[in-house]
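Novice: This is the structure I have questions about; it appears just below.
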Amino acid sequence: MTVTATPRRGNSSHVVSSQVRAASRKQKKPRRERKSVILTIALWACAGYFLLPFLWLVLASTKSDTDLFTSFGLAFGKAFSLFSNIGTVFSYENGSFGLWLANSAFYSLSSALGAVILSTLAGYAFAKYRFSGGRAIFSALLGSIMIPSAALALPTYLLFANLNLTNTAWAIILPSIVNPFGLYLLRIYAADAVDDSLLEAARLDGASEFRIFWQVSVRLLGPAIVTVFLLALVGTWNNYFLPLIMLNQSSLYPITVGLAQWAASSNAGGGARVLFSTVITGSFISVIPLVAAFLYLQRFWQSGLSSGSVKG
């Protein structure tokens with residue numbers, strides 16, 4: 001007599017469900033791999049989009065005017081002319097490039113510091129204080145982000161012309177200090193980074209509002225302050241249209257307008273000196289301070305993120 005064992009329903013259903021889960025995991029794994037491949041390709045495409053122009057600028061600054069038009073764009077020329085090009089950049093027109101570089105540094109640093117101070121004070125006030133009309137004022141300031149800067153160029157020029165401030169450094173610094181996006185960023189960041197209970201504890205200890213802001217809140221707003229500073233610095237450094245309409249004296253030009261004048265003289269012809277390699281090398285030199293500022297300031301972002309994770 002033979003006895004046949006029949007599997008129980010519970011065990012068979014468990015085996016079937018485990019097989020279904022294993023099959024579903026096998027199906028999900030190729031999907032995840034495909035998504036990771038697609039994301040990797042997209043990231044490399046974005047990196048190439050931003051880095052290839054900079055690579056071309058670096059390589060082109062090492063070429064002479066002849067090699068610029070006779071060699072491949074992403075390759076070195078026959079002669080390595082970087083150092084001679086740099087010498088020409090700083091010696092042409094009695095060293096105007098060095099003066100333009102100093103002007104750009106002065107305009108950018110002054111505007112960035114002013115933008116940080118105004119944005120931090122205003123953003124903190126909108127985030128932590130309640131006053132009548134606060135939402136309406138903030139909405140109006142936020143709406144000004146949607147206005148193109150080119151549309152404000154003519155009214156700004158007429159305003160500064162009536163104040164006799166055109167062709168001065170104030171014509172570049174004062175408009176650049178007003179940064180609605182920086183105010184919005186500080187307001188959003190301050191609302192979450194600065195805890196209201198911390199402010200109440202400081203008030204109970206007898207600290208004044210300014211002391212609370214300076215010794216407590218500013219330290220917590222560090223990453224946002226650095227972000228606004230860098231954005232304002234880059235925006236003022238790369239600004240071309242505002243200095244073009246405000247300044248008419250070469251000694252006050254920033255580097256953007258000065259290099260544009262050199263490029264225009266090269267394209268004009270008629271016996272004018274060809275300055276293609278000089279303009280390209282000057283553009284490469286003008287990028288170096290921005291790259292250095294970003295590499296130096298990014299450590300403040302990292303420290304801000306790490307301190308936030310420890311706090312959480």
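The values are calculated or read from the model by the stated rules, or taken from the named source; none is laboratory data. In this text the structure is predicted, and so the values were computed from the model without any measurement. Here the Cβ positions follow ideal geometry from the backbone for every residue, glycine too, while neighbour counts run over all protein chains shown.
Novice: Quick one: would you say ALA140 is more than 25 Å from GLN215 (Cβ to Cβ), of a type in the set (A, V, I, L, M) and either in contact with an Asp or Glu (Cβ under 9 Å, 6 or more places away or on another chain) or at pLDDT below 90 (or both)?
Specialist: Answer is yes for this residue.
Novice: Okay, moving on. Looking at region 29-69 only, could you name the residues that are closer than 13 Å to SER277 by Cα and in a helix (DSSP H, G or I)?
Specialist: TRP56, LEU57, VAL58, LEU59, ALA60, ASP65, THR66, ASP67, LEU68, PHE69
Novice: Here is a follow-up. State which residue is farthest from GLN298 (Cα to Cα) when the search covers only region 184-202 and only residues that are surrounded by fewer than 12 Cβ atoms within 10 Å (Cβ to Cβ) and of a type in the set (Asp, Glu).
Specialist: Selected residue: GLU200.
Novice: Within region 203-215, does at least one residue satisfy the condition of being in contact (Cβ under 8 Å) with a residue 12 or more places away in the chain and either surrounded by 20 or more Cβ atoms within 10 Å (Cβ to Cβ) or within 16 Å of GLY123 (Cα to Cα) (or both)?
Specialist: Yes; the residues of region 203-215 include at least one that is in contact (Cβ under 8 Å) with a residue 12 or more places away in the chain and either surrounded by 20 or more Cβ atoms within 10 Å (Cβ to Cβ) or within 16 Å of GLY123 (Cα to Cα) (or both).
Novice: At least 3 residues that are in contact with a Pro (Cβ under 9 Å, 6 or more places away or on another chain) in each: list the helices (runs of 4 or more DSSP H) lying fully within region 75-154 that qualify.
Specialist: 96-128, 134-143
Novice: Going by the conditions given, is LEU242 of a type in the set (A, V, I, L, M), over 30 Å from THR281 (Cβ atoms) and touching a helix residue (DSSP H, G or I) at 6+ places or on another chain (Cβ under 7 Å)?
Specialist: Considered against the rule, which asks whether it is of a type in the set (A, V, I, L, M), over 30 Å from THR281 (Cβ atoms) and touching a helix residue (DSSP H, G or I) at 6+ places or on another chain (Cβ under 7 Å), LEU242 comes out as no.
Novice: Exposed (fewer than 12 other Cβ atoms within 10 Å of the Cβ), of a type outside the set (D, E, K, R) and over 24 Å from ILE255 (Cα atoms): does that describe GLY123?
Specialist: When the stated conditions are applied, GLY123 does not pass them.
Novice: Provide a single number: the residues in region 263-304 that are outside any helix (DSSP H, G or I), in contact with a helix residue (DSSP H, G or I) (Cβ under 8 Å, 6 or more places away or on another chain) and at pLDDT below 75.
Specialist: 3
Novice: Of a type outside the set (A, V, I, L, M), under 29 Å from the mean Cα position of the chain (by Cα) and surrounded by fewer than 12 Cβ atoms within 10 Å (Cβ to Cβ): which single residue out of PHE90, PHE50 fits that description?
Specialist: PHE50
Novice: Which of the residues spanning region 96-120 are within 16 Å of PHE213 (Cα to Cα) and crowded, with 21+ Cβ neighbours inside 10 Å?
Specialist: Of everything in region 96-120, those that are within 16 Å of PHE213 (Cα to Cα) and crowded, with 21+ Cβ neighbours inside 10 Å turn out to be VAL116, SER119, THR120.
Novice: Could you tell me which residue of region 62-76 is nearest to SER283 (Cα to Cα), considering only residues that are of a type in the set (Gly, Ala, Ser) and in contact with a Gly (Cβ under 9 Å, 6 or more places away or on another chain)?
Specialist: Result: SER64.
Quick grid of which residues meet (1) closer than 30 Å to SER149 by Cα; (2) modelled with pLDDT of 90 or more; (3) assigned to a helix (DSSP H, G or I); (4) in contact with a Cys (Cβ under 9 Å, 6 or more places away or on another chain):
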residue	(1), (2), (3), (4)
ILE172	yes, yes, yes, no
PRO175	yes, yes, yes, no
LEU183	yes, yes, yes, no
ILE188	yes, yes, yes, no
GLY206	no, no, no, no
ARG219	no, no, yes, no
LEU231	yes, yes, yes, no
GLY235	yes, yes, yes, no
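Novice: What do you reckon, is ILE245 surrounded by fewer than 17 Cβ atoms within 10 Å (Cβ to Cβ) and either in contact with a Gly (Cβ under 7 Å, 6 or more places away or on another chain) or at pLDDT 90 or above (or both)?
Specialist: Answer is yes for this residue.
Novice: Working only within region 190-204, note down all residues that are in a helix (DSSP H, G or I) and either more than 19 Å from LEU142 (Cα to Cα) or in contact with a Cys (Cβ under 6 Å, 6 or more places away or on another chain) (or both).
Specialist: ALA193, ASP196, SER197, LEU198, LEU199, GLU200, ALA201, ALA202, ARG203, LEU204
Novice: Exactly one of these conditions fails for ASP192: (1) among the acidic types (Asp, Glu); (2) closer than 17 Å to ALA125 by Cβ; (3) over 27 Å from the mean Cα position of the chain (by Cα). Give me its number.
Specialist: All conditions are met except number (3).
Novice: When the residues of region 216-225 are filtered to those that are of a type in the set (A, V, I, L, M, F, W, C) and surrounded by fewer than 19 Cβ atoms within 10 Å (Cβ to Cβ), which remaining residue is farthest from PRO180 (Cα to Cα)?
Specialist: Checked region 216-225; the qualifying residue farthest from PRO180 (Cα to Cα) is VAL216.
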